[in-house]
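The values are calculated or read from the model by the stated rules, or taken from the named source; none is laboratory data. Given the structure is predicted, the values throughout are model-derived calculations rather than measurements. Cβ: placed from backbone, ideal geometry, glycine included. Neighbour counts: every protein chain shown. Calculation scope for accessible area: heavy atoms of the full protein, side chains included, ligands and nucleic acids excluded. Shrake-Rupley method; radii C 1.70, N 1.55, O 1.52, S 1.80 Å.
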Amino acid sequence: MMGLLPSCGNKKEETPEPPKAMNVIYMIGDGMALPQVYAAMLASGEDMTFSQFPYIGVVDTHSASNDITDSAAAGTALASDHKTKNGMVGMNPDTIPVKTVLEALAEQGKETGIVVSCYVTHATPATFYAKVPKRSKYEDIAVQMAENPYINLIIGGGRKHFNHRKDSLDLVARMENELGWKVYDTLANIDETCKKYAVLANNDHMPHAAERGDFLPRAVKTALRTLDDAENGFFLMVEGSQIDFACHANDSTWMMDEMLDFDYAIKVALDYAKEKGNTLVVVTADHETGGLTLPDPLGKYTNVVFDYSTGSHTCLPVMVYAYGPGAEQFTGWMQNRDLKAKIMNACGFENISDSIPENDGPKIKAIKVNLDSNANN
Ligand SMILES: [Zn+2]
């Protein structure tokens, strides 16, 4: 009767399987490294949502072709497990299309959404659904978006790539009449129970944060209401698109507006995840823009200013912040192409990658460049 004795003492305790993520909210601040985040914390004097994430890591952003990436190569790496050449969307350096985390999770039955404050056809959102060798092929990207079977909802600007096209195609009409979409031009009055809709809320990029109000956080709320009842969960990508634009312009006021706007969008996502308990939130960036530092120009260590060193991108690594099931994987030093596998793993799926690490591209040569320029001074 030994078998009936209650177990105690030397019986090994079974470790319960860690919970899997049912839903994923993947948030990308374009051009947002630690200087942008900390500058916003200092200037706003507010407790920003960034400080609430229990797991934080560092992400190396260099592309397969350049020390300094652009949004197309970085987005491709964040969306798939491939680094690629600057300018390329959803393809490896040999122009072979790669599978994105949105597509892989849709194949596992998850509903999907994309919410941005730029064109929906801009580099970062495009890397999740399109495959083109050049990011500037907006009209091709728009067609690929319209024909993509995996996207349930998409919200942002860029309507002109759908209905003011060089080929005169009325892609909005085709989406509605042939491809099963509902297309709206505002977040107001949309049918949130519809499972395939696009909100093309501006012809161009969305206006600056100061003018567009709470569009981005409201769009995230709308998307979450739509995706909330998804039987097998959902994948939602959200981009704070214009942090990059503001930093290209070295415009601190604009950057602050965009950072606070993105932080509010992150709060919406984090509040949802805290309430549900089954949602992984991953916040990261594609690269740094502006070479932002926070020195005291007088050297007194008391009056910090925002100081930009370039109107372009830099090779500075970015941070990743994670909350929810599987979040503990997002610590330490990683490559941008590592995030897809971690997300798939958090959801309980094996990530089969055909990425070749030796194709990771150049090692950063910035230190050598700095030493050379110091020698000249
Ligand atoms: Zn940029």
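Of note:
- Residue identified as modelled with pLDDT of 95 or more and small (Gly, Ala, Ser) among Gly45, Gly29: Gly29
- Condition met for Glu258 (part of a strand (DSSP E or B) and either open to solvent by 40 Å² or more (accessible area, probe 1.4 Å) or within 16 Å of the ligand (Cβ to nearest atom) (or both)): no
- Any hit, region 156-175, residues being within 25 Å of the chain's Cα centre (by Cα) and hydroxyl-bearing (Ser, Thr, Tyr): no
- If you go through region 17-36 and keep only what is of a type outside the set (Val, Ile, Thr), more than 16 Å from the ligand (Cβ to nearest atom) and assigned to a strand (DSSP E or B), you end up with Asn23, Tyr26, Met27.
- When residues in region 64-106 are screened for being over 16 Å from the mean Cα position of the chain (by Cα) and assigned to a strand (DSSP E or B), 2 of them pass.
- Residue check, Ala39 at pLDDT 90 or above, assigned to a helix (DSSP H, G or I), closer than 30 Å to Leu294 by Cβ and over 18 Å from the mean Cα position of the chain (by Cα): yes
- Hits in region 289-312 - residues which are of a type in the set (Ser, Thr, Tyr) and exposed (fewer than 12 other Cβ atoms within 10 Å of the Cβ): Tyr301, Thr302, Ser309
- Members of region 218-247 that are more than 23 Å from Asn23 (Cβ to Cβ) and either away from the ligand (no atom under 14 Å from the Cβ) or in contact with a strand residue (DSSP E or B) (Cβ under 6 Å, 6 or more places away or on another chain) (or both): Gln242, Ile243, Asp244, Cys247
- Considering only residues in region 47-74 that are without any contact (Cβ under 8 Å) to a residue 40 or more places away in the chain and away from the ligand (no atom under 16 Å from the Cβ), the one that is nearest to Pro325 (Cα to Cα) turns out to be Ser51.
Let's see how each residue does on (1) among the small types (Gly, Ala, Ser); (2) surrounded by fewer than 16 Cβ atoms within 10 Å (Cβ to Cβ):
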| position | (1), (2) |
| --- | --- |
| Ser117 | yes, no |
| Pro125 | no, no |
| Asp140 | no, no |
| Val172 | no, no |
| Asn177 | no, yes |
| Val183 | no, no |
| Thr186 | no, yes |
